[in-house]
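Structure record follows, encoded as structure tokens.
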Amino acid sequence: MSETKSSLFRHKKTCQFCMDETSVIDYKDVKLLSRYLSERGKMVPARVSATCAKHQRGLSKAVKRARFLALLPFVAD
Ligand SMILES: [Zn+2]
């Protein structure tokens, strides 16, 4: 039962940042940003992560800044 619940949550097509007002996109929050990166460090497409266009833009800006500050590795995407 608990497994069903967690998979439902993950597959819900709703933007996390729209859903949860306490979730802010912070370029220093590597843990959060890495959730939106593949294992190779590439950005996960918005249709996969269910992030809305507005927040996807914010995420990609944060990722770029984090890479610039060497908080995240550089990859071509
Ligand atoms: Zn959103």
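Compared with the direct C-alpha span, the chain from V75 to M19 gains 17.2 nm at full extension, assuming 0.36 nm per residue. Net length available on complete extension from R47 to F68 is 5.0 nm, with 0.36 nm assigned per residue and the Cα-Cα distance removed. Between amide H atoms placed 1.01 Å from N, distances below 5 Å from M43 occur with S38, all of them 5 or more places distant or on a separate chain.
Residue-wise HN-Hα couplings along region 54-65, as the Karplus relation 6.51 cos²θ - 1.76 cosθ + 1.60 with θ = phi - 60° gives them from phi, are 4, 6, 5, 4, x, 5, 5, 5, 5, 5, 4, 5 Hz; Gly and Pro carry x.
Here, each number is a calculation from the coordinates, and none is a lab measurement. Quick caveat, the model's predicted, so the values are computed rather than measured.
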